[in-house]
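A quick write-up on the structure given underneath.
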Amino acid sequence: MFAQVQSKTQAAGATLVAVSKTQSPEKILEIYKQGQRVFGENRVQELLSKVDLLPKDIEWHLIGHLQTNKVKFIAPFVRLIHSVDSLKLLSEIDKEAKKCGRVIDCLLQFHVAQEETKFGLDENEALELLQSPDFQTFTNVRICGVMGMASFSEDQNQVRREFQHLRQIFQNLKSKFFSQRDANGTGGDFFKEISMGMSSDFEIALSEGSTMVRVGSLVFN
Ligand SMILES: *Cc1c(COP(=O)(O)O)cnc(C)c1O
């Protein structure tokens, strides 16, 4: 189904992150050969086990929950971390990015689903993070937008409302924190990504303004 997912994503002007967790390097290479360059993994160990076996021009995204003690392993190469859900984690990413002489792009993950178990911030926690004195000192992370997962629900309206909520959060944060250009003249321009939509709901997500869909099973089937 890769071709269909790719064409629907492209038609909406969004980026397809092919979620390759549980897929073998051979399977990933098959999709790579069809032109896909952006792949997402949700676990650090699994990501590390694949990176060296696959082409160097793959952009690797970390989309799953990230523990602070694992940040150092991905800091040298990760292209985007979708799952930042605490100041502590962001601080660690900043520290490790500095050691590598890099600036690492990050998304803030929000909890917009009904399920209790999902990771993520609520809007107040994000405000607190972005207003904290510590955050102002970070020089090697760049907040590029937001990420969220909708409920695993048959109710399409429920899913749609949750995506709308995430987009609303994105817009609130953009106008509060990222609308002004910063000292080097680039501040607001980077805050533009809304990472939402998976195999079961990526079309709803695209119609609600997703700029990045994370699709696994459908791409590899
Ligand atoms: C697995 C996963 C996806 C993709 O899920 P599919 O249903 O296979 O498309 C997207 N986002 C995250 C965070 C995931 O862990």
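Residues that are of a type outside the set (Ser, Thr, Tyr) and either under 15 Å from residue 215 (Cα atoms) or touching a Leu at 6+ places or on another chain (Cβ under 6 Å) (or both) do occur in segment 42-55. Evaluating residue 169 against the criteria (1) farther than 17 Å from residue 122 by Cβ; (2) at pLDDT 95 or above leaves one unmet condition, (1). Within segment 6-22, if we keep just the residues that are surrounded by 21 or more Cβ atoms within 10 Å (Cβ to Cβ) and not β-branched (Val, Ile, Thr), the residue that is farthest from residue 63 (Cα to Cα) turns out to be 14. Among the residues in segment 146-159, are any away from the ligand (no atom under 12 Å from the Cβ), assigned to a helix (DSSP H, G or I) and touching an Asp or Glu at 6+ places or on another chain (Cβ under 9 Å)? Scanning segment 146-159, I find at least one residue that is away from the ligand (no atom under 12 Å from the Cβ), assigned to a helix (DSSP H, G or I) and touching an Asp or Glu at 6+ places or on another chain (Cβ under 9 Å), so the answer is yes. For segment 110-145, residues that are assigned to a loop (DSSP other than H, G, I, E, B), within 16 Å of the ligand (Cβ to nearest atom) and touching a helix residue (DSSP H, G or I) at 6+ places or on another chain (Cβ under 8 Å) total 2. Given (1) surrounded by fewer than 21 Cβ atoms within 10 Å (Cβ to Cβ); (2) not in a strand (DSSP E or B), identify the lone condition not met by residue 93. Evaluating residue 93 over (1) surrounded by fewer than 21 Cβ atoms within 10 Å (Cβ to Cβ); (2) not in a strand (DSSP E or B) leaves (1) as the failure. Quick check, is residue 150 surrounded by 21 or more Cβ atoms within 10 Å (Cβ to Cβ) and over 22 Å from residue 189 (Cα atoms)? Here the answer is yes, as residue 150 does meet what is asked.
The values are calculated or read from the model by the stated rules, or taken from the named source; none is laboratory data. Everything numeric here is computed off the predicted structure, so don't read it as measured data. No Cβ is skipped: glycine too gets one built from the backbone with ideal geometry, and neighbour counts run over all protein chains shown.
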